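**Student:** My questions all concern the structure below.
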Amino acid sequence: MKRISHTTLILASVVLLAAAIFCSGGCGGGSTSSGTWGDGGSSNTAITAVGWASGNGGYITKTADGGTTWSLQSSGSTKDLNQLNFIDSHNGWVVGKEGTLLKTTDGGKTWTTLASGSVQALTGVSFVDTNTGWAVGESGTILKTANGGTTWSLQASGTVQNLSSVSFVDSNNGWVTESSGGKILRTTNGGVNWVESDLGPTFATSQTPFGPPSFAAVEFTTATTGWIGGSQLNFNGAAAGFMARTSDGGTTWTGGLVGGDFSSIKDISLLGVSNGFALLSGGPGGPSDSNLLISNDGGATFTSKAINGQPSSLSFIDTAKGWVALTNGNVQSTTDGGSTFASQASGISQINAVQFISVK
């Protein structure tokens, strides 16, 4: 039997203390709160919401009744579709491999293929109105449109790193995460200029001793408030879920590890300044050892709820109603903030992204 050194014990204690400070609700373990995603709990009440899910092979599916029933839409593409963004029940965009860009103005009844001018895989898309939007992807690709996607212009990102996610809150203020290297791009003039930064020297030395994190998701709700998430090597040398938050637009960040070995943050859904959700995928038990992280204090603390399956994306329309998409094509929904859950079949075999919006 191997002996555990005093140094190992001290390092392990440091990791546990850091995780407890950032995620006092038991992130990654699911033991501090009740309810399991997909546990077949009591049936949901009616949801006034419309939603879409996109996946590999060009598949897009839609629900008009909160996920009770889903119907396939004809996207006109066979490319893997990575991300989607709807600004209302009619206008939406989807991005995917080999520069794929699709648009609908009728809720998905018809989809139009747009000329992105890029052959790079596109991984993120963010629109602020029916005209103005951005798409990001591999090799530092940032594209902007000012006419709803009819034409796109390539912006100078200043990096050749693959980009994983984008979030704009208005026509000027936007953020983009790099897939590796721990860098974040920020613009305050609509992408005319992009400035690359990291989490800051104090954060880097105290919270990320084994190098920079890898980012998978970014979301801002105001020009100052936002979260980022991904993974970071821990003291065991394994990737672990990582999150950080800012209240000054990204000048300074606070956060740390939120998951165990072999975990990562896949997606984030914010509701205003205080309430937010994040997907912690994987853990010591494997890909299905996943959790939904819930915060009502701006990310200072979290509670966690176990998810049955490997999650890929999530979308909440308020603190009670939300959906988590699984890679196997199923969707788990809640109408009571996670006390009970129901499983929904989307009709496609793999989901990469899901989004719901309220219909009034």
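The values are calculated or read from the model by the stated rules, or taken from the named source; none is laboratory data. Keep in mind that what you see is a predicted model, and the values were worked out from it rather than measured. Cβ coordinates were reconstructed from backbone atoms using ideal geometry, including for glycine residues, and neighbour counts include every protein chain displayed.
**Student:** Can you say whether Ile294 is touching a residue at least 60 places away in the same chain (Cβ under 8 Å), among the aliphatic types (A, V, I, L, M) and within 21 Å of Ala244 (Cα to Cα), as far as the supplied structure shows?
**Tutor:** When the stated conditions are applied, Ile294 passes them.
**Student:** Among the listed residues Ala278, Ala240, Ala244, identify the single one that is more than 25 Å from Phe168 (Cβ to Cβ), of a type in the set (A, V, I, L, M, F, W, C) and crowded, with 19+ Cβ neighbours inside 10 Å.
**Tutor:** Ala240
**Student:** Also, quick follow-up: I'm trying to understand the selection: among the residues of the range 248-267, which are out of contact with any Ser or Thr (no Cβ under 6 Å at 6 or more places or on another chain) and either surrounded by 24 or more Cβ atoms within 10 Å (Cβ to Cβ) or over 20 Å from Gln310 (Cα atoms) (or both)?
**Tutor:** Result: Gly250, Thr251, Thr252, Thr254, Gly255, Gly256, Leu257, Val258, Gly259, Ser263, Ile265.
**Student:** State whether one or more residues within the range 222-244 are on the phi > 0 side of the Ramachandran plot and among the aromatic types (Phe, Trp, Tyr).
**Tutor:** Looking for residues that are on the phi > 0 side of the Ramachandran plot and among the aromatic types (Phe, Trp, Tyr), one finds none in the range 222-244, hence no.
**Student:** Follow-up. What pairs can you find where one residue is in the range 42-63 and under 12 Å from Leu84 (Cβ atoms) and modelled with pLDDT of 95 or more, the other is among the aromatic types (Phe, Trp, Tyr) and not in a loop (DSSP other than H, G, I, E, B), and their Cβ atoms are less than 6 Å apart, with a gap of 6+ or different chains?
**Tutor:** From the range 42-63, the pairs are Gly51/Phe356; Lys62/Trp52.
**Student:** Ok, one more. Looking at the range 276-328, which of its residues are among the polar types (S, T, N, Q) and assigned to a loop (DSSP other than H, G, I, E, B)?
**Tutor:** Within the range 276-328, Ser288, Asn296, Thr301, Gln310, Thr319, Thr327, Asn328 meet the criteria.
**Student:** Can Ser281 be described as among the polar types (S, T, N, Q) and at pLDDT 90 or above?
**Tutor:** Considered against the rule, which asks whether it is among the polar types (S, T, N, Q) and at pLDDT 90 or above, Ser281 comes out as yes.
**Student:** Between residues in the range 161-187 that are crowded, with 18+ Cβ neighbours inside 10 Å and modelled with pLDDT of 95 or more and residues that are charged (D, E, K, R) and outside any strand (DSSP E or B), which pairs lie under 6 Å by C-beta distance while being six or more apart or on different chains?
**Tutor:** Going by the 6 Å Cβ cut-off, the qualifying pairs are Asn162/Glu138.
**Student:** May I ask you to list the residues in the range 64-96 that are under 17 Å from Gly329 (Cα atoms), in contact (Cβ under 8 Å) with a residue 60 or more places away in the chain and not charged (D, E, K, R)?
**Tutor:** Within the range 64-96, Gly66, Gly67, Thr68, Trp70, Ser71, Leu72, Leu81, Asn82, Gln83, Leu84 meet the criteria.
Here's the yes/no breakdown for (1) crowded, with 22+ Cβ neighbours inside 10 Å; (2) not in a loop (DSSP other than H, G, I, E, B):
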site	(1), (2)
Ser77	no, no
Gln83	yes, yes
Gly108	yes, no
Ser118	no, no
Asn131	no, no
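Results for (1) surrounded by 19 or more Cβ atoms within 10 Å (Cβ to Cβ); (2) more than 22 Å from the chain's Cα centre (by Cα); (3) hydrophobic (A, V, I, L, M, F, W, C); (4) in a strand (DSSP E or B), shown as yes or no for each residue.
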position	(1), (2), (3), (4)
Ser89	no, no, no, no
Val94	yes, no, yes, yes
Ala135	yes, no, yes, yes
Gly148	no, yes, no, no
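**Student:** Now a separate question. Tally time: how many residues in the range 226-274 are among the charged types (D, E, K, R) and under 20 Å from Gly200 (Cα atoms)?
**Tutor:** 2
**Student:** A follow-up question, please. Can you name the number of the only condition in (1) modelled with pLDDT under 50; (2) under 30 Å from Gly256 (Cβ atoms) that Gln83 fails?
**Tutor:** Unmet condition: (1).
**Student:** Taking the condition at pLDDT 95 or above, in a loop (DSSP other than H, G, I, E, B), within 20 Å of Ile228 (Cα to Cα) and not aromatic (Phe, Trp, Tyr), does Gly191 pass?
**Tutor:** The answer is yes for Gly191.
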